[in-house]
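Note sheet for the following structure.
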Amino acid sequence: MAPRVQLSRRRFLKISAGAAGAAAGFSASGLPASLLGSDGEAGIRTVPTFCDVCFWKCNAVATVRDGRLWKIEGNPDDPLSHGRLCPRGTGGVGAHFDTSRLTAPLVRREKRGEEEWTAVTWDQALDEVAERMLTIRERYGPEAMALFSHGIGGTFLKHAFKAFGTPNLVAPSYAQCRGPRDVGFELTFGEGVSTPERTDIENARCLVLLGSHLGENMHNTQVQEFAEAVGRGATIIVADPRFSVAASKAQHYLPIQPGTDIALLLSWMHVLVTEELYDKEYVAAHGFGFEAFAAEVRRYTPEWAWPRCGIDPQTIRETAREMARQSPATLVHPGRHVTWYGNDAQRSRAIALLNALLGSWGRKGGFYAPSAMDIPEYPVPPYPKSERGKADNPGHRYPFASGTITNGIREATISGEPYPVKGWMVYATNLLQALPNQAETIRAIEALDLLVVVDVIPSEIAGWADVVLPESVYLERYDELNVEWFKQPFVALRQPVVESPADQKPNWWIARELGLRLGLEPFFPWENVEEYLETRLQGAGLSLAEMKEKGVVKGPKPPIYYEEGLPAEFFTPSGKIEFYSTQLAEKGFDPIPRFEPPEEPPPGAFRLLYGRAPVHSFSRTQTNPILSEMMDENEVWLNADVGRRLGLRPRDRVRLRNQDDVVSQPVAVKLTERIRGDCVYMVHGFGQSARGIPAHHRKGASDSHLITRYAVDPLMGGTGMSVNFVTLEAV
Amino acid sequence: MARFAMAIDTTRCVGCMDCVVACKTENDVPEGLCRDWIVQEARGAFPDLRLEIRSERCNHCDHPPCVHCCPTGASHVESFGSLVEIDPKLCIGCKACLAACPYDARTIHPDGYADKCTFCIHRLKEGLEPACVAVCPTHCMHFGDLDDPASEVSRLVAARRNHSLIPEAGTGPRIFFLT
């Protein structure tokens with residue numbers, strides 16, 4: 001414990017200010033004790049750790065001043081951030097000070113969703129969860145429990161659930177985000193795009209973005225490399241219905257009609273093939289089924305594409321030629337959140353094929369091969385094997401699903417088929433905003449015997465829980481090591497910087513305590529997480545002490561491009577890049593992507609598009625006091641001319657009504673030239689409904705609320721969500 | 001005497017507000033206030049548009065009207081780097097400087113004194129860059145001495161097309177936006 005010190009006048013003043021804050025209306029339980037500094041600690045100390053405001057997991061150094069968390073900056077040794085965090089990471093200190101944080105375990109008192117709680121002790125809460133999980137297992141088998149989780153914090157809970165005997169571990173990051181992209185690339189190259197994406201933007205001479213709005217979408221390394229590419233004069237080509245920030249950096253902005261990317265991609269490929277601009281040597285060496293593919297894309301002239309996607313033939317030819325000119329350092333970015341129209345795996349496959357024509361896979365300035373350090377696992381007994389398998393994809397109706405399908409688990413929960421799913425634990429993901437069709441999610445919840453939510457704030461999903469377990473935020477806890485697959489392999493430690501302000505607990509502790517109550521002692525041989533981490537690190541010749549000091553340790557960097565001696569291997573059935581996919585043909589799908597026109601919005605309606613803001617992560621950061629100051633509500637972007645015709649003035653407030661008569665909360669209109677007239681756009685994550693979240697953090701409108709319709713990708717079960725139409729009503 | 005300045009590359013800036021967030025935490029800027037901010041200016045008609053994104057703050061002017069109008073000497077030019085600074089102890093919160101500043105760069109701190117960007121003078125004295133410059137993920141911000149022709153800032157301002165804000169006010173602003 002730090003020695004007690006005399007309070008200086010300066011510190012006394014600070015403490016008074018904190019006390020005044022409490023008097024001014026913070027709830028007693030909500031005021032973090034650490035606002036007052038802990039135990040009279042004086043001076044400055046720095047603690048390396050890694051960020052958790054998004055899944056990128058940048059390495060950082062937090063600074064504590066006089067016992068109070070002050071700031072967090074990038075770790076200069078970090079291959080991801082290069083010492084510069086993104087705004088969310090920089091504002092991450094706000095997660096610790098968030099006054100709406102959960103402070104004690106809660107047990108539901110009233111009906112589900114009424115948000116009426118009784119605070120209980122951890123023993124009471126965990127005893128109840130364990131007892132009810134054991135009852136579910138007894139009645140329905142272990143598979144009747146499912147775990148929804150997001151991010152590295154879910155590692156220990158996943159371990160507990162596997163040990164419990166369920167294979168139903170699932171994350172919305174697959175079927176509501178990047179799943180279709182990985183399937184499209186797996187079908188073509190035999191490998192997915194991985195995370196962080198294996199995109200070598202740093203060395204690209206031409207970068208093509210389809211809807212991907214880097215700069216607003218703040219994946220740190222990518223944004224840094226994007227700015228670098230812009231700075232050194234790389235050609236940027238952006239196709240987006242909205243003039244995004246990325247579009248403003250582009251030499252070629254293509255204002256594409258929403259939902260028609262495949263038409264544009266096919267005609268780009270047409271130009272490369274018919275003008276013989278593709279990488280012939282690469283295609284000859286690595287391609288399978290090129291002739292059939294070439295014959296197919298010959299049909300798709302730029303003149304064919306023009307009326308379909310709205311991009312004129314000259315622009316299509318010019319941009320295709322520019323891609324060829326800069327190849328193989330031309331990167332057609334695969335995107336990340338790509339669940340748009342339900343044909344997303346095929347669109348991603350078209351992106352993969354365009355990259356294949358340009359020879360960019362495995363090449364500098366294209367897609368590199370990531371690698372990771374070998375850090376042995378902590379030895380635990382083998383997990384019990386489930387005889388029934390996962391519940392999400394019965395009969396493999398989505399034959400190319402390579403991950404677990406969240407909406408499949410939701411369906412199984414509602415229908416009881418292929419077997420009953422009666423209990424959910426939800427970790428760090430607000431399913432009501434992450435999944436489309438909130439009513440369906442609520443229907444599934446109502447069919448459950450048990451819903452446990454582990455979260456840091458009283459999120460919307462927590463509002464429906466039977467038991468809520470308050471977690472320490474990342475700045476207050478250890479987590480699993482980040483053994484990252486990246487161009488520069490490294491291992492990183494997350495460690496506590498400050499104490500939790502109330503009765504919150506780290507997930508490793510929650511998982512272990514629950515595991516012990518479930519009779520899973522052999523799976524939790526470690527007394528505490530330090531012992532777990534030390535064992536893993538020593539297995540790799542490292543130590544916890546070294547990691548605590550450095551935060552990140554890099555490993556040797558193997559070849560990452562074919563040019564560097566990386567062998568060209570493709571884990572497809574043919575062992576080659578599949579221009580023609582026999583796998584798809586066998587299952588009755590198009591072996592080469594085909595264009596189908598999207599449904600047009602009805603007269604007077606607009607397609608609802610959504611995206612990211614640089615200062616928020618999903619619906620997880622709206623209560624962060626620093627980040628909410630940067631952006632406390634979203635607005636709906638509407639083409640200025642269209643808006644004037646509707647009689648709207650800038651900043652007028654409207655409600656959006658969708659095709660199913662679902663109406664949004666009031667939201668301000670942003671009348672702007674920066675968007676087409678057939679769609680509207682809003683930033684995701686706002687307009688939350690949880691009562692536990694203060695009203696000033698619930699502003700704006702929720703896109704998720706309006707996404708009642710979704711188009712399921714027949715290849716892999718992902719949910720295309722840009723298929724909803726809205727009209728605007730003045731408030 | 002050095003004359004510290006910034007050159008901000010608007011072609012790289014993505015308007016992510018990291019500079020604003022970093023300033024807030026570094027300088028304990030009170031809730032509801034900020035010392036730097038982002039301006040996005042779109043020109044043209046869809047789809048032929050130009051967008052300029054600027055990270056703006058106090059221009060640490062060569063001829064600072066806020067200093068000239070200050071009745072107490074609280075607003076002053078530091079000998080260190082010719083920075084325009086405020087001594088909170090001397091400030092009476094009369095807001096003359098707020099009215100005089102053409103850039104709207106000043107606010108009143110809840111403790112009653114005028115407040116604004118200091119170019120992180122406390123960090124400069126430790127050999128560090130201002131927090132906003134050090135954090136920027138796009139490396140769009142450059143800081144240095146305008147009186148040193150070899151400094152990065154001087155070289156960028158000399159080599160690249162740029163503009164400052166409201167130069168016609170005659171304040172001699174020292175933030176240059178590279179375009």
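The values are calculated or read from the model by the stated rules, or taken from the named source; none is laboratory data. Worth saying up front: this structure is predicted, and the values here are computed from it rather than measured. Here the Cβ positions follow ideal geometry from the backbone for every residue, glycine too, while neighbour counts run over all protein chains shown. Accessible surface is based on the protein model in full, side chains and every heavy atom, while ligands, DNA and RNA are left aside. Shrake-Rupley method; radii C 1.70, N 1.55, O 1.52, S 1.80 Å.
Candidates in region B:5-26 are the residues that are in contact with a Phe, Trp or Tyr (Cβ under 6 Å, 6 or more places away or on another chain) and part of a strand (DSSP E or B); of these, the one that is farthest from the other protein chains (Cβ to nearest Cβ) is B:Met6. Within region A:343-365, the set of residues being buried (at least 24 other Cβ atoms within 10 Å of the Cβ) and more than 17 Å from A:Gly287 (Cα to Cα) comprises A:Asn343, A:Asp344, A:Ala345, A:Gln346, A:Arg347, A:Ser348, A:Gly365. Taking region A:363-413 as the range and being part of a loop (DSSP other than H, G, I, E, B), among the charged types (D, E, K, R) and within 20 Å of A:Ala345 (Cβ to Cβ) as the test, the residues that pass are A:Lys390, A:Asp392, A:Arg397.
Filtering region B:121-153 to residues that are of a type in the set (Gly, Ala, Ser) and either within 14 Å of chain A (Cβ to nearest Cβ) or buried (at least 19 other Cβ atoms within 10 Å of the Cβ) (or both) leaves B:Ala131, B:Ala134, B:Gly144, B:Ser151. Just for region A:240-255: of the residues that are in contact with a Pro (Cβ under 8 Å, 6 or more places away or on another chain) and surrounded by 24 or more Cβ atoms within 10 Å (Cβ to Cβ), which one is nearest to the other protein chains (Cβ to nearest Cβ)? Checked region A:240-255; the qualifying residue nearest to the other protein chains (Cβ to nearest Cβ) is A:Phe243. Remark: pairs (first residue in region A:569-587, of a type in the set (D, E, K, R); second residue surrounded by fewer than 21 Cβ atoms within 10 Å (Cβ to Cβ); Cβ separation under 6 Å; 6+ apart in sequence or on different chains) = A:Lys576/A:Phe288; A:Lys576/A:Phe570; A:Glu578/A:Phe288; A:Glu578/A:Thr572; A:Lys587/A:Pro399.
Can you confirm whether A:Ala175 is crowded, with 24+ Cβ neighbours inside 10 Å and either of a type in the set (Lys, Arg) or assigned to a strand (DSSP E or B) (or both)? Criteria not met by A:Ala175.
Would you say A:Leu207 is in a helix (DSSP H, G or I), more than 21 Å from A:Met716 (Cα to Cα) and in contact with a helix residue (DSSP H, G or I) (Cβ under 9 Å, 6 or more places away or on another chain)?
For A:Leu207, the condition - in a helix (DSSP H, G or I), more than 21 Å from A:Met716 (Cα to Cα) and in contact with a helix residue (DSSP H, G or I) (Cβ under 9 Å, 6 or more places away or on another chain) - is not met.
One residue stands out among those in region B:39-65 that are in contact with a Pro (Cβ under 8 Å, 6 or more places away or on another chain) and within 11 Å of another protein chain (Cβ to nearest Cβ): the one that is farthest from A:Asp641 (Cα to Cα), which is B:Pro47.
One residue stands out in region A:412-423 among those that are surrounded by fewer than 21 Cβ atoms within 10 Å (Cβ to Cβ) and of a type outside the set (A, V, I, L, M): the one that is farthest from A:Glu138 (Cα to Cα), namely A:Ser415. Taking region B:161-179 as the range and being within 14 Å of the chain's Cα centre (by Cα) and of a type in the set (Val, Ile, Thr) as the test, the residues that pass are B:Ile166, B:Thr171, B:Ile175.
For the subset of region B:27-38 comprising residues that are at the interface with chain A (Cβ under 9 Å from one of its Cβ atoms) and of a type in the set (D, E, K, R), which member is most open to solvent (accessible area, probe 1.4 Å)? Here the residue is B:Glu31. Within region A:67-121, the set of residues being over 30 Å from A:Leu214 (Cβ atoms), part of a loop (DSSP other than H, G, I, E, B) and within 12 Å of another protein chain (Cβ to nearest Cβ) comprises just one member, A:Thr99.
Residue-wise test of (1) away from chain B (no Cβ under 14 Å); (2) assigned to a loop (DSSP other than H, G, I, E, B); (3) open to solvent by less than 40 Å² (accessible area, probe 1.4 Å); (4) touching a His at 6+ places or on another chain (Cβ under 6 Å).
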| residue | (1), (2), (3), (4) |
| --- | --- |
| A:Pro556 | yes, yes, no, no |
| A:Ile560 | yes, yes, yes, no |
| A:Tyr580 | yes, yes, no, no |
| A:Leu584 | yes, no, yes, no |
| A:Asp590 | yes, yes, no, no |
| A:Phe595 | yes, yes, yes, no |
| A:Pro601 | yes, yes, yes, no |
| A:Phe618 | yes, yes, no, no |
| A:Thr623 | no, yes, yes, yes |
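Give me the residue from region A:629-662 that is open to solvent by less than 30 Å² (accessible area, probe 1.4 Å) and part of a helix (DSSP H, G or I) and, out of that set, nearest to the other protein chains (Cβ to nearest Cβ). Among those that are open to solvent by less than 30 Å² (accessible area, probe 1.4 Å) and part of a helix (DSSP H, G or I), it is A:Met630.
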